[in-house]
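So the structure is just underneath, and the comments pick up after that.
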Amino acid sequence: MFRRTEPTDCTISWEGRDIPARAGESLAVTLLAAGVTAFRQTPVTGTERGPLCLMGACFDCLVELDGQQNVQACLAPVRPGMVAAMQRGARHFHQSEDAA
Amino acid sequence: MARTSESAGPMKKAVVIGGGLHGLSTALHLQRTPGWQVTVLERRHVGRHSSGVNAGGVRRLGRDLREIALSVVSAEMWAGIEKIVGDDCGFRATGQVKVAESPADMAKNEARVAAVKALGWSHEEVVDQAEVRRLLPAVAPHVIGALVTRDDGSADPMRTVMAFRRAAEQAGVRIIEGVAVTGLRATADGTIIVETDQGGHEAERVANCAGAWATRVARMVGEEIPCGVKASMMIVTERLPPFCDPTVGATSRSLSFKQVANGTVVIGGGHQGVNDVAAETSTVLFGSLAHAARISCELFPVMKGARMVRSWAGIEARTADEVPIIGESRAMPGLFHSFGFSGHGFQLSPAAGAAVAELLARGATNLPIAAFHQDRFTRAA
Amino acid sequence: MSEVDILVLGAGPAGMAAATEARARGFSVLVLDENARPGGQVHRAVEARTVKDGQDRDGAKLAAAFRASGADYRPDATLWAVEPGGKVFWSEGGAARSISAKRLILCAGATERPVPIPGWTLPGVMTVGAAQIALKTAGMVPEGKAWIAGQGPLLWLYANQVVARGGTVQGVIDLSPPGGLARAAWHLPNALRAPEYLVKGLAWQQRIRNAGIPIRRATRLVAEGDGRLERIVIDGWSRPADLLLLHDGVVPNTQVTRAIPGCAHEWDAGQRCWRPTLDEWGNTTVEGVLVAGDSGGIGGAKVAALAGRLAAMEAARALGRLTVDQRNAEAGRTRLEWKRQRAPRRFLDALFPPLPEAAIEDSTIICRCEEVTAGRLRGAVALGCLGANQTKAFTRAGMGPCQGRICGPAVHGVIAAARGVDPAGVDPFRTRFPTKPLTLGELAALAS
């Protein structure tokens, strides 16, 4: 896949595991460098998808980032320690959001 | 001059101007009346404006008292819509709920139910806080009750347009798209020539179902009918988990809120954009649309984080009293108007089409449309 | 701040040049850009990198002048609506904002044309442009079971950059339709007015061969795998793969201009894409709205920067800072260079016509968001749909979160081919504001 030619300087959390990253690069690039290609499951059929364009157009790199859903990973700059996970299907409601 | 090709035999000819839902419904019902051959003339394509992009509300709840009778007939037709057009049009009888946010709202709703009951109808009822929370588990805590019609619902507007189109064409209606009506002319033998940019169509009867452009058609025969235009704005969100079955409105605020089968939420409520009738375009004004977003978030706090993915405005005719115009032209016998549904004509389309078809075929109908004649505006003026 | 003289969308070459020029003429300038740093796509992260070639030098110079210009520059800011009269809405830091601008200069750049091959939705299939962004922003190069496929100048440029940075791929699969050179030869004399493009192009292919990377022509390419890319099949020849980078040229990003009422667009038969109708200063058909750079028609970075300056000079004329004669005189050299740099374009367009949409298989997904296949689009055409807005209502193609950004050119081409008509006569997607999603909470805050 991809190989980094420049050093990393921090880590982030993806699906519960630590991944090396460089502060300021996009989260999508961090994940690709770590060999992660499946970022989300589509709301239509549940199949897995990864980034296509890395420039904010395709919306195929959606992830859940620090509790926020449907975030475009290619437009999210890495901050050390950020916590990210796959976006599974459509937006879901967190416990705190449940009005019922 | 272009003539309809199916001119053999003693068929009477009718032309319907406008390929929106009301035009298609009128054409379908008239074509099914023995002895009639109907042609629909549509300037752009079928369902181009409000018909294809409205909120899809199938609602008797809260209608102007003059509209209720026709709306009740329509509700029965919606319940069996598959038998009429061969498709369920995405209709789901999931209820319509108008939430009450204050004791004043509750009182208003009680009075409304009494007024509707006095006319002999019983489809509207007031429910309490426990029941509204059962119907709408995600509703905000400040909601204390609601006005409800349990067997109202919603349908898919574009699917409905296409189903009416298919049914009309299968019945034998000719639909011509991309043709603009330029004039109407009465002939010596009592027929009407509908002139277009691509030749004329002769007909015994003509229906004016041109929506926001219908007053222009009336003007072609020298008839001035006061009627404005509206461009109601709509929001659609990303897909959300199922959390709301009924279509929701508010008693004293402008909102229409509906989660459709694919999970997206469609939000409207008559917040107005800018329209340009001549250019056939409408523009969303976000400062105004923000009010629809705010009301949605206040009634359903889960909506705050939901993303809006599209917005639009559909151009539609609006009368001064927001009740439609249905009636024969005072300037050209044989021409019948049906427009001005003012943003809530979707539910009425099956029954209104049947009524106008009867007007075209025999000059009268037993369906309850007497209150809709344009005389109520032109006589007063 | 509730009003600004000139609002520039995009901090690529066109936007940076337009903002710098406008500031030099004394205007207040607000620049909105979705990215974290100036540069756009071609000069992405140029400030952070060591300058390596002429293109980097151009970018670094533009970025330095832009930084020093005094323009109010907002990175990570996403424009989502323009209202008549110049009111602009955007999101920044999780909040919606708005401002009124006397002039808008839209420099939204280009997007890559989609390459809908069977399996292109599998994780591991990306665009060449995406991989180039990974290279420029994080120094990432492909290695192992990686492949490049498609056609166009960017593909060859990227392959060279990979080799230069010590990366490699298993092969470059050239999907270009045969006969490109014969078609393009007609435009060669004009192209020679800026010969540097042609010389560069020929050298690129040679350097890839020298690096030992095979170049193979093919007509049918399939991506396969269970849940992610595992192999590609090149004209029936199966090879292991975990990364496939696709490219078929770029098209103007017209998402915003198409949503502006009254902003006319025209079909560019040479580049086979829609672009806004512009005069030679970048004026659209809507008063006060100008377009510069690739979003007005593909011309590349140099043309974009020149067009940005010309648009700013025109804005200065419109706002009374320059007379027509002054504008024309001051634009003289910029205008000449703009013409020279545009000269090779027709040659390149003829050399790399986009892959034919008629050849897309029925089972291939076109709209990735709503997972709509070419076959379903063709079915909708058979039912009477004439354009992209009707197939959208029928099939939901173009209705997902990307709002047709990715699939638009393919949907349009499939409809035209299925109807057997000139693409110019087929309606493209109508776009709607918000052109980027925002939360209802953000929008609701504007109501107070």
I'm trying to understand the selection: among the residues of segment B:274-294, which are more than 8 Å from chain C (Cβ to nearest Cβ) and surrounded by fewer than 23 Cβ atoms within 10 Å (Cβ to Cβ)? B:ASN275, B:VAL277, B:ALA278, B:GLU280, B:SER288
Can you tell which of B:ALA306, B:ALA313 is outside the structural domain of B:LEU21 (by TED's automatic domain parsing), aliphatic (A, V, I, L, M), buried (at least 22 other Cβ atoms within 10 Å of the Cβ) and under 23 Å from C:ALA95 (Cβ atoms)? B:ALA306
Any idea how many residues of segment C:17-46 are β-branched (Val, Ile, Thr) and modelled with pLDDT under 95? 2
Would you confirm whether any residue within segment B:309-318 is at pLDDT 95 or above and aromatic (Phe, Trp, Tyr)? no
Which one of these is at pLDDT 95 or above, out of contact with any strand residue (DSSP E or B) (no Cβ under 9 Å at 6 or more places or on another chain) and basic (Lys, Arg): B:ARG219, B:ARG205? B:ARG219
What is the one condition in (1) surrounded by fewer than 18 Cβ atoms within 10 Å (Cβ to Cβ); (2) in contact with a Lys or Arg (Cβ under 8 Å, 6 or more places away or on another chain); (3) assigned to a loop (DSSP other than H, G, I, E, B) that C:GLY85 does not satisfy? (2)
Would you say B:VAL309 is under 15 Å from C:LEU440 (Cβ atoms) and in contact (Cβ under 8 Å) with a residue 24 or more places away in the chain? yes
Condition (residue is facing another protein chain (nearest Cβ under 7 Å) and not charged (D, E, K, R)) applied to segment A:6-19: is it met by at least one residue? no
Run C:GLU337 past the list (1) in contact with a helix residue (DSSP H, G or I) (Cβ under 9 Å, 6 or more places away or on another chain); (2) among the charged types (D, E, K, R); (3) closer than 23 Å to A:LEU52 by Cβ; (4) away from chain A (no Cβ under 14 Å) and report the number of the one that doesn't hold. (3)
Can you say whether C:PHE89 is away from chain A (no Cβ under 14 Å) and under 30 Å from C:CYS367 (Cα atoms), as far as the supplied structure shows? yes
Give the residue that is surrounded by the fewest Cβ atoms within 10 Å (Cβ to Cβ), with candidates limited to residues of segment C:124-146 that are over 19 Å from A:ARG4 (Cβ atoms) and not hydrophobic (A, V, I, L, M, F, W, C). C:GLY129
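Yes or no, residue by residue, for (1) outside the structural domain of C:VAL286 (by TED's automatic domain parsing); (2) part of a loop (DSSP other than H, G, I, E, B); (3) surrounded by fewer than 24 Cβ atoms within 10 Å (Cβ to Cβ):
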site	(1), (2), (3)
C:VAL8	no, no, no
C:ALA17	no, no, no
C:VAL31	no, no, no
C:ASN35	no, yes, no
C:GLN55	no, no, yes
C:ALA64	no, no, yes
C:LEU79	no, no, no
Looking only at segment C:236-252, decide whether some residue is in a loop (DSSP other than H, G, I, E, B), small (Gly, Ala, Ser), more than 13 Å from every other protein chain (Cβ to nearest Cβ) and touching an Asp or Glu at 6+ places or on another chain (Cβ under 8 Å). yes
Are any residues in segment C:422-442 under 18 Å from C:ALA380 (Cα atoms) and either within 14 Å of chain B (Cβ to nearest Cβ) or assigned to a strand (DSSP E or B) (or both), and if so, which ones? C:GLY425, C:VAL426, C:ASP427, C:PHE429, C:ARG430
Please enumerate the residues belonging to segment B:59-116 that are part of a helix (DSSP H, G or I), closer than 13 Å to B:ASP152 by Cβ and polar (S, T, N, Q). B:SER71, B:SER74
The residue from A:GLY56, A:GLY46 that alone is within 9 Å of chain C (Cβ to nearest Cβ), at positive phi, part of a loop (DSSP other than H, G, I, E, B) and in contact with a strand residue (DSSP E or B) (Cβ under 9 Å, 6 or more places away or on another chain) is A:GLY56
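The values are calculated or read from the model by the stated rules, or taken from the named source; none is laboratory data. Fair warning: this is a prediction, and the values are worked out from it, not measured in the lab. Don't worry about glycine lacking a Cβ; one is built from the backbone with ideal geometry, like all the others, and counts go over all protein chains shown.
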